[in-house]
1. Would you please give the FRET efficiency between L125 and Y87, computed as 1/(1 + (r/R0)^6) with r the Cβ-Cβ distance and R0 = 35 Å, to the nearest 0.05?
2. Grab the eigenvalues of the alpha-carbon gyration tensor for segment 19-81, scale each by 5, take roots, and send me the semi-axes largest first in whole angstrom.
3. Applying a 10 Å radius around every beta-carbon, put 43-56, 3-16, 70-83 in order of their mean neighbour count, most first.
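What follows is calculated from the coordinates using simple rules that are stated; it is not laboratory data. Predicted, not measured: the structure shown is a model, and the values here were computed from it. Heads up, the Cβs are rebuilt from the backbone with ideal geometry, glycines too, and the neighbour counts pull from every protein chain shown.
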Amino acid sequence: MQFKVPQFLEIEDKIFGPFTFREFVYLAGGAGLCFTLYKLLGFLWGAIPILIVAGFSLLLTFYRPNNKPFINAVESGFKYFAQSKLYIWKKAGKKKNIKEQPALSEISKTGMAPQKLTESKLRDLAWSLDVLDLSKEKQSR
């Protein structure tokens, strides 16, 4: 039996003409708040708050930075300013010369130049440390 796989799950349905439900709520809420400010403060005193509310409502409805809803940017900004921040300053040490050859004293002590630890060698070393030596475990009993 074949089933149809739903597609375009991230696209919201247009319910109120060209607007989705969320966009309609932003517009209607902004218009309602502007009307309330107009009735409470009048046109002269309420002009600036009405413009701010109307602008924010229009941004929420139509502005999509990076093809994502503007409310995501507002939420991220609010979280950034609300959370505590931890600043760590670490003094930078002297840079080592990459082309520097191993010191003669190191070569003379071990008889060979020190080798660099690669990822495969590190993995082998970690594996060998994790493996239990069963013969030693049996002898200790």
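1. 0.45
2. Ellipsoid half-lengths, sorted descending, are 24, 14, 9 Å.
3. So the peptides 43-56, 3-16, 70-83, ranked by packing, come out 43-56, 70-83, 3-16.
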